[in-house]
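The values are calculated or read from the model by the stated rules, or taken from the named source; none is laboratory data. Keep in mind the model is a prediction, meaning the values are calculated, not measured. FYI the Cβ positions are ideal-geometry reconstructions off the backbone, even for glycines, and counts take in every protein chain you see. To get the accessible areas, we keep the full protein, side chains included, count just its heavy atoms, and leave off ligands, DNA and RNA. Shrake-Rupley method; radii C 1.70, N 1.55, O 1.52, S 1.80 Å.
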Amino acid sequence: MKTPRIVEGLLVVPTGAKIAIVAARFNHFVVDRLVEGAVDAFVRHGGDPANITVIRVPGAWEIPIVASRVAGKKNVSAVVAVGAVIRGSTPHFDHVAGEVSKGVASAALSTGVPISFGVLTTDSIEQAVERAGTKAGNKGWDAMVAAIEMISLGQALDEAGI
Ligand code: INI
C-alpha cells in the first residue's frame, strides 16, 4: 500500500532563524519566567540566544500592535508573544484576554509570519505561577517550541512546493 507524503517541521532551530519575543511588563513576576522559558527552549533546541530580541510592551493589550509591526517587517522568522492576563478581581480581564488572542491571530494571518501564543489567561495568580515554570510547565517554553516547529515547517513546505 502506498503511504501519504508527510510534510512536517523539526524541533531543531533552523540555521540563522531569528525570533522576536514580545513580552508584557504587566504581571512581570510571571512574564519574566515565561521569557526565560522561551529563551531556554530556543537554546536547548540548537539556537543562538544572540538571534533573539526581547521587546517589552506595557501590557498584554499592547502585544498585538507590536507583534504585527515586527512580523510585518519580515526581519524575523517568528514572533513569540508572552504575557499574563489574570482575572483576579479586575473586570479588565475579559476585554484584554479576548483582544490579545484575536489580535495575535489576526497579525499572524495578515503577515504570514508565525506568531505563537504564550499568553497566560488564568483565574488566579496561583494558576499563572503554575504555568510559568512550576507544576504545570512553562507556557513560554511551549510557545517557543511551537515557533521553532513552524519555522521549520515553513521551510519544509517551501521545499515541497506547497
Ligand atoms: N495587562 C496584562 O498584561 N495582564 C492583566 O492581567 C491586565 N489586567 O488584568 O488589567 C492587563 N491590563 C493592562 C492592559 O494590558 C493595558 O496595558 C492597559 O489597559 C493600557 O492600554
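All other residues whose Cβ lies under 13 angstrom from that of residue 156 are scored, Lys and Arg at +1 and Asp and Glu at -1, for a net of -3.
Note on the chain: antiparallel DSSP beta bridges, both residues inside, total approximately 10 percent of the bridges counted.
Rounded to the nearest 10 degrees, the angle from helix 63-73 to the longest Cα principal axis of the chain is 30 degrees.
Distance from the Cα centroid of the stretch 1-46 to that of the stretch 89-146 is 14 Å (rounded to whole angstrom). Length available on full extension from residue 123 to residue 55: 0.36 nm per residue minus the Cα-Cα distance, which gives 21.9 nm. Given a 1.4 angstrom probe, I'd like the percentage of the accessible area of the stretch 19-153 that is carbon and sulfur, rounded to a whole number. C and S atoms contribute 55 percent here. For the chain: lysine pairs with Cα atoms under 28 Å, gap of 8 or more or different chains, count? Within the chain, the lysine pair count is 10. Ranked by solvent-accessible area (1.4 Å probe, protein heavy atoms only, all chains present), the residues 92, 45 order from largest to smallest as 92, 45.
What you get for the stretch 7-93, charging only the Cβ of Lys and Arg (+1) and of Asp and Glu (-1), is a dipole of about 260 debye around the Cα centre. What net charge is computed for the residues neighbouring residue 31, neighbours being all others with C-beta under 11 Å from the C-beta of residue 31, Lys and Arg scored +1, Asp and Glu -1? Around residue 31, the surrounding residues sum to +2. Calculated [222 nm] ellipticity per residue, helices only, for the chain: -15500 deg cm²/dmol; basis is -39500 (n - 2.57) per DSSP H run with n ≥ 4, divided by all residues, nearest 500. Think of a 1.4 Å ball rolled over the protein heavy atoms: the stretch 19-153 then has 48 Å² of accessible area per residue. Axis of helix 92-111 versus longest Cα principal axis of the chain: the two differ by about 20°, to the nearest ten degrees. For the residues 83, 47, 72, a GNM of the chain with alpha-carbon springs under 10 Å puts the largest fluctuation on 72.
Where does helix 139-160 land angle-wise versus the long Cα axis of the chain, in degrees 0 to 90, nearest 10? It is inclined by approximately 20 degrees. Counting only protein chain heavy atoms and rolling a 1.4 Å probe, the accessible areas of 44, 87 rank, largest first, as 44, 87. Computed over the chain with a Gaussian network model linking Cα atoms closer than 10 Å, the most mobile of 11, 109, 34 is 109.
Taking the Cα centre of the stretch 19-153 as origin and assigning +1 to Lys and Arg Cβ atoms and -1 to Asp and Glu Cβ atoms, the resulting dipole is close to 280 debye.
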